[in-house]
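Colleague: To start, I am sharing the structure in question, which I have written as structure tokens.
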Amino acid sequence: MKKLILAALTALCVYAQAFTLDFTANNGTNITSGSPLTIFVPGYGNVIFSTIGAQVLSINTSYPTGVTIAIQPSEVLLVNFAGAYAPSDIEFGFNGLGFSDGLDISIVNSTTVQLAMGSGGNGAGLRDVTFTAIPEPSTAVLGVIGTMALALRRRRAC
């Protein structure tokens, strides 16, 4: 029974290690500097997608395999992490991205990342944003597993 409980808790930790945000629910939405797209991510807070100046980015299926934020040549997408954020915890997934597109991913400030598409190439679609850090609830579960393992070890030693 104890092994079953440990296995279940371990499975919960593995499941909670990453969260991927996609744009399927926002298909057909336009993003501008005056009308940004805000998505709440549990455990991280709001993620705000906006543009610079008069640019309009569309969320659609113009790039194969799924709904993406279409970033054409010379366009810029700003991604603001209003909640807990560390650049090393975030990965961006793209569709249709080639070497000639010249994508530049840069950190603007402590909460904002800029995705700037170069003037060459055909552009690409931002498919998803993956949060790879372990959220707080799974950290607590890992602590419980460690404590249980120590308790089981101590019992067997006696």
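Colleague: Of Leu103, Leu97, Leu150, Leu21, which has the most accessible area and how do the rest follow, probe 1.4 Å?
Modeller: Of Leu103, Leu97, Leu150, Leu21, the descending order of accessible area is Leu150, Leu97, Leu103, Leu21.
Colleague: Distance between Cα centroids, the stretch 78-117 to the stretch 46-77: provide it in whole Å.
Modeller: Here the answer is 12 Å between Cα centres.
Colleague: Largest first and in whole Å, give the semi-axes of the stretch 61-132's equivalent ellipsoid, each being the square root of 5 times a Cα gyration tensor eigenvalue.
Modeller: Gyration-tensor ellipsoid for the stretch 61-132: 21, 14, 9 Å.
Colleague: For Glu91, what accessible surface area do you get with a 1.4 Å probe? Give it in Å², rounded to 10.
Modeller: 110
Colleague: Sticking with this one: How would you order 117-130, 30-43 from highest to lowest mean count of nearby Cβ atoms within 10 Å?
Modeller: Top of the packing list down: 117-130, 30-43.
Colleague: For the full complex of protein chains and a 1.4 angstrom probe, list Thr65, Thr51, Thr20, Thr111 by accessible area with the highest value first.
Modeller: In descending accessible area the options line up as Thr65, Thr20, Thr111, Thr51.
Colleague: So, with a 1.4 angstrom probe, what is the percent of accessible area on the stretch 27-158 that is carbon and sulfur?
Modeller: So the carbon and sulfur contribution to the accessible surface is 57 percent.
The values are calculated or read from the model by the stated rules, or taken from the named source; none is laboratory data. Remember, it's a predicted structure, so these values are computed and weren't measured experimentally. Note that each Cβ is placed from the backbone with ideal geometry, even for glycine, and that neighbours are counted across all protein chains shown. The accessibility values were calculated without ligands, DNA or RNA, using every heavy atom of the protein model including side chains. Shrake-Rupley method; radii C 1.70, N 1.55, O 1.52, S 1.80 Å.
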